[in-house]
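Notes to accompany the following structure.
What follows is calculated from the coordinates using simple rules that are stated; it is not laboratory data. Just so it is clear, the model here is predicted, and its values are computed rather than measured. Cβ coordinates were reconstructed from backbone atoms using ideal geometry, including for glycine residues, and neighbour counts include every protein chain displayed.
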Amino acid sequence: MPSLKDLKTRIESVKSTRKITKAMQMVAAAKLRRAQEAAEASRPYAERFNAVMAGLSASAMASGQGPKLLTGTGSDQTHLLVVMTAERGLCGGFNSSIVRMARAKAEELLGAGKTIKILTVGKKGREQLKRDYEDQFVGHIDLTEVKRIGYANAQDIAKDILDRFDAGEFDVATVFFNTFQSVIAQEPTEVQIIPASFEAEEGATASFYDYEPGEEEILEALLPRGVATAIFSGLLENGASEQGARMSAMDNATRNAGEMIDKLTIQFNRSRQAVITNELIEIISGAEAL
Amino acid sequence: MADTMQFDLVSPERMLASMQASEVQIPGAEGDMTAMPDHMPLITTLRPGILRATGSDGTQEFVVSGGFAEITATSASVLAENAVPRSEVTPDFLEKLRKEAEAAHAQAAPEVQDYTAKALADLAHLADQMV
């Protein structure tokens, strides 16, 4: 049975924890709004880009030869897994769900006798993966200092990946991130970025366009940008998901802290009552004994 | 024949302009061009330069680099990696673009050096225009 003083300190400490989680929840809510706006603002670009690329790549694929970024290197022996997670924890299952998915993929590839390489973006993913895949680790991109994710960040990551691709370090690249669905639901997603695949939305729009310079040159110039665009939208989805996940995790934590406080308060009151009763008994029996 | 078309300028981070325009002057990779309504469908890559869109409320100017423009009979969409309204362009911004272009040029394989050298020259030209 904890003493009254112990109970009091515990109640105080849970109360301050609740204050912190409450504050974090509100910060996350504010950041979530901004992250969602950023994700929305980037959508028109990504959609149009993909529409044009779909047309271009359809005709390039039809002709049977295109840049390596589109058609692949002709083998799929070495896979690069780009795992994008958050820089901070305290956001529920956000980081682990991405890592779990990446890990499953890694095991599957290893089981099939492929070679894997892992590149992480975000500290949390590195911490979790580094233990098991020490040897396959090829790099880490730190975004701790970045307050607001811009296209330039995506370009840097894309450049890193493309340099590795040009150096022949891997054949297939896949990105892992969380897609934002709602505050309570984030879905871990994997997207293959190299060789690129674009979903054609409205048939073959490409056929009637004129291209300047040629179709192939345009494709060549745009494919690297496609990688950056895919990464950028992944980063933004991730950003929104992270804040959403943190918001609901902190909401839960706040509620749990509240319940905890109620329980402890009841216990505190009971034991206080018990102490008083005890003292009374002592006084009365003392008086009777006289 | 319609006298205006839908003009959109988007960068990865935001939509800079979406309006009805009667003509759009685009710095295409193989030379400047002006797109007007009922233009032949065309896709062109961009070189660093100034984009001018003329609508009912005057002409707007943007500095763009990297990306492409998609022109159809009823619309002109410009997707630029870097796009800034001309009034907001700072020497720092141009300097940043120039540094990137120089780095790209230095790293470029011999067969694409022509292209990167041209991008550098375009930037120099752009800087002259801005002064």
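Descriptive notes on the structure:
- The calculated FRET efficiency for the pair residue B:73 and residue A:61, based on their C-beta separation and a Förster distance of 35 Å, comes to about 0.80.
- Between the stretch B:1-32 and the stretch A:62-137, the alpha-carbon center distance in angstrom: 39 Å
- When the charge dipole of the protein assembly as shown is built from unit charges on Cβ atoms (+1 for Lys and Arg, -1 for Asp and Glu) and taken about the Cα centre, the candidate among A:266, A:14, A:198 whose Cα reaches farthest toward its positive end is A:266.
- Only one residue of A:38, A:209, B:87 has its Cα farthest out toward the positive end of the dipole of the protein assembly as shown, where Lys and Arg carry +1 and Asp and Glu -1 on Cβ, and that residue is A:38.
- Fewest-first sequence of A:52, A:275 by Cβ atoms within 10 Å of each Cβ: A:275, A:52
- Sites residue B:18 and residue A:275 - FRET efficiency at Förster radius 56 Å, r taken between beta-carbons, to 0.05: 0.20
- Mean sequence separation of contacting Cα pairs (under 8 Å, at least six apart), scaled by the length of the stretch A:51-143, corresponds to a relative contact order of 29 percent.
- Counted by neighbouring Cβ atoms within 10 Å, the residues A:11, B:26 run from fewest to most as A:11, B:26.
- Look at the dipole of the stretch B:1-118 built from charges on Cβ: of B:31, B:5, B:66, the Cα furthest out on the positive end belongs to B:66.
- For residue A:104 and residue B:59, the FRET efficiency from 1/(1 + (r/R0)^6), where r spans their Cβ atoms and R0 equals 56 Å, is about 0.55.
- Set of lysines with alpha-carbon distance to residue A:31 below 17 Å, sequence-local pairs under 8 removed: A:22, A:147
- Of A:19/A:124; A:15/A:123; A:105/A:130, those spanning more than 23 Å from alpha-carbon to alpha-carbon: A:19/A:124; A:15/A:123
- Karplus-based coupling profile of the stretch A:136-142, in residue order and whole Hz: 8, 6, 10, x, 8, 10, 9, with θ = phi - 60° in 6.51 cos²θ - 1.76 cosθ + 1.60 and x standing for Gly or Pro.
- Helix-derived mean residue ellipticity, 222 nm - over chain A, DSSP H n ≥ 4, -39500 (n - 2.57), to 500: -22500 deg cm²/dmol
- Relative contact order (percent, whole number), chain B, Cα cutoff 8 Å, 6+ residue spacing: 22 percent
- Volume per residue for the stretch B:88-130 equals 50 cubic angstrom (convex hull of Cα atoms).
- Near the amide H of residue A:179, within less than 5 Å, lie the amide hydrogens of A:187, A:189, all on another chain or at least 5 residues away, with H placed in the peptide plane.
- Per residue convex hull volume, Cα atoms of the protein assembly as shown, in Å³: 200 Å³
- Karplus-derived HN-Hα couplings along the stretch A:174-179 (A = 6.51, B = -1.76, C = 1.60, θ = phi - 60°), whole Hz, x at Gly and Pro: 10, 9, 10, 7, 9, 8
- Annotation: aspartates and glutamates with alpha-carbon distance below 19 angstrom to residue A:263 (same-chain offsets under eight excluded): A:6, A:12, A:251.
- Members of A:68/B:99; A:159/B:96; A:117/A:159 lying beyond 24 Å, as alpha-carbon distances in this model show: A:68/B:99
- Under 9 Å, Cβ to Cβ, from residue B:44 - net charge with Lys/Arg +1 and Asp/Glu -1: -4
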